[in-house]
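One structure is given below, encoded as structure tokens.
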Amino acid sequence: MTDASPSTDDDIQLYDFTDDADGITREMVSPRDFQLETLLDFAFGVDDEMKEGMISLTVHSQGTVISGTAIHPDAWADEMVENMAPIGDGGLSMGFKKVYENVAENREEMRARRTGKYRPWPARRYLHMKEVLINPGNGEI
């Protein structure tokens, strides 16, 4: 027997989203598809730390079948830069690279602010894929 008092519901403090410094809302934290989120956590790490991760994936959405390889957002950006490089004088690919680097830097700064302070992190909202095949079930995309 211990001297510790039993936990009560009053001991549990829910995160208050009303004054979140980054504007994160409860809706942003809840994954749209828990199973997909868990699979992507396995492939890329909970904090997207496994940049070399990839996984074959088929997604069904509103009658459309999308099949390909899910890749890390940074790998996707690198492929986009590589694919855009031959266009024009390379300005398009360098412009895209700079924009993506700024977005990634802002994401990492926000992660650093939130880590260790028990602040929830937004769920993924995008799938980054390569070698994609799309089969529109209704004939429209």
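Tabulated results
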| quantity | calculated |
| --- | --- |
| Criterion: at pLDDT below 90 and within 13 Å of the chain's Cα centre (by Cα) - qualifying residue of 48, 41, 19 | 48 |
| Residue 28 being at pLDDT 90 or above, within 16 Å of residue 125 (Cα to Cα) and hydrophobic (A, V, I, L, M, F, W, C) | yes |
| Enumeration of residues in region 76-108 that are of a type in the set (A, V, I, L, M), assigned to a loop (DSSP other than H, G, I, E, B) and either surrounded by 12 or more Cβ atoms within 10 Å (Cβ to Cβ) or modelled with pLDDT of 90 or more (or both) | 85 |
| Qualifying residue in region 121-140 (condition: closer than 16 Å to residue 79 by Cβ, modelled with pLDDT under 90 and either of a type outside the set (S, T, N, Q) or not in a loop (DSSP other than H, G, I, E, B) (or both)) | yes |
| Top-ranked residue in region 35-68 [being within 24 Å of residue 116 (Cβ to Cβ) and charged (D, E, K, R); ranked as surrounded by the most Cβ atoms within 10 Å (Cβ to Cβ)] | 48 |
| Among residues of region 67-98, those that are aliphatic (A, V, I, L, M) and under 28 Å from residue 39 (Cα atoms), counted | 6 |
| Checking residue 71 against (1) surrounded by 12 or more Cβ atoms within 10 Å (Cβ to Cβ); (2) under 30 Å from residue 14 (Cα atoms), the condition it does not meet | (2) |
| Count - residues of region 23-79 that are touching a strand residue (DSSP E or B) at 6+ places or on another chain (Cβ under 8 Å) and acidic (Asp, Glu) | 1 |
| Selection count, region 48-76, where residues are in contact with a Lys or Arg (Cβ under 7 Å, 6 or more places away or on another chain) and either over 19 Å from residue 124 (Cβ atoms) or of a type in the set (Gly, Ala, Ser) (or both) | 2 |
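The values are calculated or read from the model by the stated rules, or taken from the named source; none is laboratory data. Predicted model only: the values in this text are computed from it and were never measured. Virtual Cβ from ideal backbone geometry, glycine too; neighbours counted across all protein chains shown.
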